[in-house]
Amino acid sequence: MTNLTNNKAVLSWIDEMTAITKPDKIVWITGEEEQLDALREQAVKEGMRDVRMALLEADVNYLVVKDFCKKVTERCVGQQVLDSLSPAQQVMKIVSEEMTALMGSEHARLTWSSSVPTIYMLCGLQGAGKTTHAAKLAYQLKSQGHRPLLVAGDIYRPAAIKQLQVVGEKAGAPVFERGTQDPVLTAQEAVRHAKDYGNDYVIIDTAGRLQIDEQLMDELHRIKEAVSPTDILLVVDAMTGQEAVNVAKAFDDLLDITGVILTKLDGDTRGGAALSVKAVTGKPIKFAGTGEKIGDLEVFHPDRMASRILGMGDVLTLIEDAQQRLDEKAAQKTAQRLMQNKMDLNDLLEQFQQVKKMGPIKGILSKLPGVGNKLDDVDIDDRIMDRSAAIILSMTPYERSHPDCLNASRKKRIAAGCGMKVEDVNRLLNQFRQTQKLMKQFGGMGKGKRRRMPNLPL
């Protein structure tokens, strides 16, 4: 070490630190390129620990995580860091790119048949959501101007046919059923019916089991052979996590599936199953189910799912949801009243109704960057808005427009009318006044004199 420096102060400090810490080894950083490369590798490996933990917490299959981290590490080591990024940001950029590539880079579309009808066959384990998502798919096709036909191929589960009829009615799609007849014959008759009555899409809902068995697989194989579906879509519950790999592989081996529908992504999961299924089967994920409503079916975007798995949110999907589900004119009207400081309880009630259209509060928050991975153990009661709305609806039209008139006797009547306490009414009014105060501050910001920046033209 004395050959590297003659600075007595530095050497003395090193001696003191050595006496205190008693290290096994002292490494002198010289700045040589070989040494710097070794340090970069170590730094990458240490950084990948966090990525590995994030993937495992998202319930990605262990073997998939191992191979993925190895590939990312190999790409990161020796990588030139961009001037606009820190080393950590550069690593996360590479991680996100590799994860997106692993899930398919771009969203996969449904296959369309040149001969009418186009046939889609849905398969999967019981409880994955086949029946519900058959109707969601029909609803989506219906909204695009098509005439889908739902086929009841599950004759074993009690009330399965009735359930398909109920959700089919919500989707606006007819249901073809033949009771307990052999599902293979039902599927064949349904295709003939579609040709006769002008249905351009046929969606076959098949039976599931609590576990994979030979009877289930044989029946699915016979349906496939009988009607030659354009797409065979495996419906996978995202909550099953690593078990989704085994399920997907078994169905793919027998049926050669063409795509996957990942369901229940609105639950307490970040979608690790998406990474696992695609990595093992090589088949694209085409749709993601994000709620219980008939319209809660999204086209699967690998880049957005990568962001969600890493706990970085999914802002683009949140924006698209808002554009599709919110009333733009009502939102503009409310915003104008807010900025003019004319907000009353009617506006607050309108906001509650608009937010409810977006789905569960936890689902909305999970798409915000830095929030999703912090909600795993948080229980958010969606009934909060319902209770607040009930308080407002218990008021007279005059009280909603003039909240300042709410004295003690009026508050007591309102609380009794909605089955709550006066404290609940006061809490809502306090929140409303805070919002009013905040909006007043924002509105006042634009009323002052316009300040000219120095050396800049107006």
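The values are calculated or read from the model by the stated rules, or taken from the named source; none is laboratory data. Predicted model only: the values in this text are computed from it and were never measured. Heads up, the Cβs are rebuilt from the backbone with ideal geometry, glycines too, and the neighbour counts pull from every protein chain shown.
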Test of understanding: among V81, V77, V91, which residue is over 30 Å from D237 (Cα atoms), at pLDDT below 80 and crowded, with 16+ Cβ neighbours inside 10 Å?
V91
Of the residues in segment 239-274 that are at pLDDT below 80 and of a type in the set (G, A, S), the one that is nearest to A128 (Cα to Cα) is A244
Would you mention how many residues in segment 157-171 are in contact with a Ser or Thr (Cβ under 9 Å, 6 or more places away or on another chain) and either of a type outside the set (A, V, I, L, M) or buried (at least 23 other Cβ atoms within 10 Å of the Cβ) (or both)?
3
Residue among E34, E16 that is in a helix (DSSP H, G or I) and either at pLDDT below 75 or outside the structural domain of Y62 (by TED's automatic domain parsing) (or both):
E34
Condition met for A9 (in a helix (DSSP H, G or I) and at pLDDT below 70)
no
Would you mention how many residues in segment 154-184 are assigned to a helix (DSSP H, G or I) and in contact (Cβ under 8 Å) with a residue 24 or more places away in the chain?
9
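Matching residues to (1) buried (at least 22 other Cβ atoms within 10 Å of the Cβ); (2) under 24 Å from T290 (Cβ atoms); (3) in contact with an Asp or Glu (Cβ under 7 Å, 6 or more places away or on another chain):
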residue	(1), (2), (3)
G124	yes, yes, no
A128	yes, yes, yes
S143	no, yes, no
F176	yes, no, no
Q188	no, no, no
Restricting to segment 362-416, name every residue that is farther than 24 Å from M343 by Cβ, of a type in the set (S, T, Y) and at pLDDT below 90.
S366
Within segment 213-233, count every residue that is touching a Ser or Thr at 6+ places or on another chain (Cβ under 8 Å) and under 21 Å from T111 (Cα atoms).
6
